[in-house]
1. Return a whole-number percent for the relative contact order of the chain, with Cα pairs under 8 Å and 6 or more residues apart as the contact set.
2. Which shape class applies to the range 87-200: rounded if a/c is under 1.5, otherwise prolate when a/b exceeds b/c and oblate if not, where a ≥ b ≥ c are the square roots of the Cα gyration tensor eigenvalues?
3. Give the residue list of trypsin sites (Lys or Arg not before Pro) in the range 115-157 that are DSSP loop and have at most 10 other beta-carbon atoms within 10 angstrom.
4. In Å and whole numbers, how far do the C-alpha atoms of the chain stretch along each principal axis, longest first?
5. Amide H of residue 221 versus every other amide H placed in the peptide plane: which residues, excluding those fewer than 5 positions away on the same chain, fall under 5 Å?
6. Can you give me the Rg/Rh ratio for the range 110-152, using Cα atoms for both radii and the Kirkwood formula for Rh?
7. Taking the C-alpha atoms of the range 7-68, how large are the radius of gyration and the largest Cα-Cα span, Dmax, in Å?
8. Given the range 1-130, what whole percent of its Cα pairs are spread farther than 26 Å?
Amino acid sequence: MPEKGQRTAVVTGGSRGIGRAICLALAMPDTHIYFNYFNPGDPEGEAEAAAETEKMVAQSKATASSQSVNVASEEEVNGFFDTIISETGRIDILVNNAGITRDSLLVRMKTKAWDDVIDVNLKGTFLCSRAAAKIMMKQREGRIINIASVVGVIGNPGQSNYVASKAAIIGLTKATAKELAPRGVTVNAVAPGFIETDMTAVLPQNVKDAFLAQVPLGRAGKPADVAASVAFLASESASYLTGQVIHVSGGMYI
Ligand code: NAI
């Protein structure tokens, strides 16, 4: 449970990878971080990873609490945000980070693979943004940061569902930035390139090599590289920035 007066941040998909690094980058002493996770294939392993993130946050003298919440479920998302608001009365920062891939060439893509990716990546971002925006508008301040991807701008074969979801997140970012600006709420996106996480670890070596060949800085990024830009967008220094996309991709898109 957070203490009264603490800064409240919500991070989706905080158990591992980029989401965990974002929780750590936001972990300042006066902050409570709520994060969620969801993995029907390995619920216990995911809960263990989440407990590890909580421990790591506590080492930074912030506090964190987590639960399994599927961002694609309207009911689960609304319940998650109702609990947060009843405990804290406010949300200062929302980071929409949870995301999945179900890669396949267009002509072979199952409709379920399309729906799953759009539901988690895009609908999940919409559901969480809507829930957080209601309280942020009342507060007349707040930061929403959406994790897009460089491929949402440059495209990528074999990922039409994922690319469509990430391009749409950029559109959603721009529309909501204009809508919420009069209420003091900023909305920005971070578009990572090729980052070393579980999501990319499963890719075949030839696919990894093809990605790396497109990176002018010549190496994969780390989750902390992405988290640093998120922390900047959440900070006081970024108060005059809205509707922008920061590419953290080693120059993949210039
Ligand atoms: P990851 O696979 O390592 O972690 C995904 C996280 O999302 C986990 O915490 C998982 O529990 C959570 N999650 C998955 N489905 C969920 C659902 N339905 N509801 C709630 N939580 C769910 O992924 P990674 O690499 O850390 O990616 C994080 C974000 O960054 C994603 O949005 C991804 O698309 C994006 N990204 C990643 C890149 C990379 O190279 N790793 C590149 C560009 C964007």
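The values are calculated or read from the model by the stated rules, or taken from the named source; none is laboratory data. As the structure is a computational prediction, the values presented were derived from the model and not from experiment. As a convention, Cβ positions derive from the backbone with ideal geometry for all residues, glycine included, and neighbour counts pool all protein chains shown. Areas reflect the complete protein model, heavy atoms only, side chains present, ligands, DNA and RNA absent. Shrake-Rupley method; radii C 1.70, N 1.55, O 1.52, S 1.80 Å.
1. In percent, rounded to a whole number, it is 19.
2. Details: a/c = 2.29, a/b = 2.16, b/c = 1.06.
Verdict is prolate for the range 87-200.
3. On the way: sites: 123, 130, 134, 138, 140, 143; in loops: 140.
Of the trypsin sites (Lys or Arg not before Pro), the ones in loops of the range 115-157 whose Cβ has at most 10 other Cβ atoms within 10 Å are 140.
4. 51, 41, 35
5. Correct list: 194, 195, 196.
6. 1.12
7. 10.5, 35
8. 22
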